[in-house]
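J.: Provided herewith is a single structure, encoded as structure tokens, for subsequent inquiry.
The values are calculated or read from the model by the stated rules, or taken from the named source; none is laboratory data. Quick caveat, the model's predicted, so the values are computed rather than measured. In this analysis, Cβ positions are derived from the backbone assuming ideal geometry, glycine residues included, and neighbour counts consider all displayed protein chains.
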Amino acid sequence: MGLLDKANSTAPTTPSPAAVPVAAPAAVPVAAVAAPAAVPVAAVAAQPAKAAKAKKAKKPKARPKGLPSEFEIAPATARFIGSLSNFIINYGLLIGAAFVVVFVNSTVANSASILGAMALYITNVFVIPVRFGRNVGQFVSRTKYISATGNPPNKVHAFLNSMVGFLFLVGGGLVMLNMSELSQGGDTNGIIWFAVGVVMMSLLIIDRQFKKSSDLNQGMFDRAFAAYLVKHVPTVSEAGAGWSARLESMGDWGDRFAQRQAAREEKAAIKAAKRAEEAAEAAADAASDESTDEDGSEDETDSSD
């Protein structure tokens, strides 16, 4: 009987520990592992789709054709020669006419000077470019404007380019004439004309900034019409007779001026190189003198010791 009681007391205790640890630990880790696995899959699947949509929305921009390979951009010296020639022809007589109007009390002289200046300006800005494709400054500097296709640009381009300097002069006159209206708080019309003059003058400044920021030295209207100022090589037909040959021969003066300018720049470069060599030699001599002085002072200290 004692053995049977012991067996009955131990029998219910054996299956209970087996039932508890099997059911509970098996259910908990499965849910814990499955839940975090669902979140990153959805996040990872959503991110590439957004990125793909953003890439499809961007369209590549069409690049301009640029300068044709058979042409060469006009150098700075040719640009200076052309600008100087056009300034003298377009505005030299016009500035002289302004002085005549201010200081000469003659109606005939004033009218003649103004008409002559305007006739010369119109000839260089309209007549010659329409007839020959270039103005006097471009003939002197042996340059011309071409478009991205290699053909001459629209005639409006030459007109707008020439008007930038003219508007600057007119705007300067308006600013000087109406500047007193600002300090005195005067007429509204004077203030308006002053603002108009400032806008006219700012066109030239904007055009210069466009040229500085351009690799091909294109101004404001050059970019608008895709025009480039390039070197012009005279052809056989242009070197014949008539006005075309006479205008083309003006390029000889520009070539001589460019040669003198190149000679001056070469001389200046040689002088600068000589000055640099002299400065280097002087610095080397000064360094050697300092080293000898230091050696002498060291010898004196050694002898005193």
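J.: Is there any pair with a first residue in the range 133-158 that is part of a loop (DSSP other than H, G, I, E, B) and a second that is surrounded by fewer than 19 Cβ atoms within 10 Å (Cβ to Cβ) and among the basic types (Lys, Arg) whose Cβ atoms are under 6 Å apart and which are 6 or more apart or on different chains, and what are they?
T.: Cβ pairs passing all conditions: Ala148/Lys65.
J.: In addition: Name the residue, out of Ala286, Ala268, that is modelled with pLDDT of 85 or more and either outside any loop (DSSP other than H, G, I, E, B) or closer than 26 Å to Thr77 by Cα (or both).
T.: Values: Ala286 fails: modelled with pLDDT of 85 or more.
Just a single option satisfies the conditions, and that option is Ala268.
J.: May I ask you to verify whether Asn161 is of a type in the set (S, T, N, Q), under 22 Å from Met250 (Cβ atoms), over 24 Å from the mean Cα position of the chain (by Cα) and in a helix (DSSP H, G or I)?
T.: Working: of a type in the set (S, T, N, Q): yes; under 22 Å from Met250 (Cβ atoms): yes; over 24 Å from the mean Cα position of the chain (by Cα): no; in a helix (DSSP H, G or I): yes.
The answer is no for Asn161.
J.: Only one of (1) touching a residue at least 12 places away in the same chain (Cβ under 8 Å); (2) among the aliphatic types (A, V, I, L, M); (3) loosely packed, with under 15 Cβ neighbours inside 10 Å is not met by Val125, so which one is it?
T.: For Val125, the exception is condition (3).
J.: Right, here's the next one. I'd like the residue in the range 236-265 that is surrounded by 10 or more Cβ atoms within 10 Å (Cβ to Cβ) and of a type in the set (Ser, Thr, Tyr) and, out of all such residues, is modelled with the highest pLDDT.
T.: Filtering first and then ranking leaves Ser249.
J.: Is it true that Ser113 is of a type in the set (S, T, N, Q), surrounded by fewer than 16 Cβ atoms within 10 Å (Cβ to Cβ), assigned to a helix (DSSP H, G or I) and modelled with pLDDT under 90? Write out each step before concluding.
T.: Working: of a type in the set (S, T, N, Q): yes; surrounded by fewer than 16 Cβ atoms within 10 Å (Cβ to Cβ): no; assigned to a helix (DSSP H, G or I): yes; modelled with pLDDT under 90: yes.
For Ser113, the condition - of a type in the set (S, T, N, Q), surrounded by fewer than 16 Cβ atoms within 10 Å (Cβ to Cβ), assigned to a helix (DSSP H, G or I) and modelled with pLDDT under 90 - is not met.
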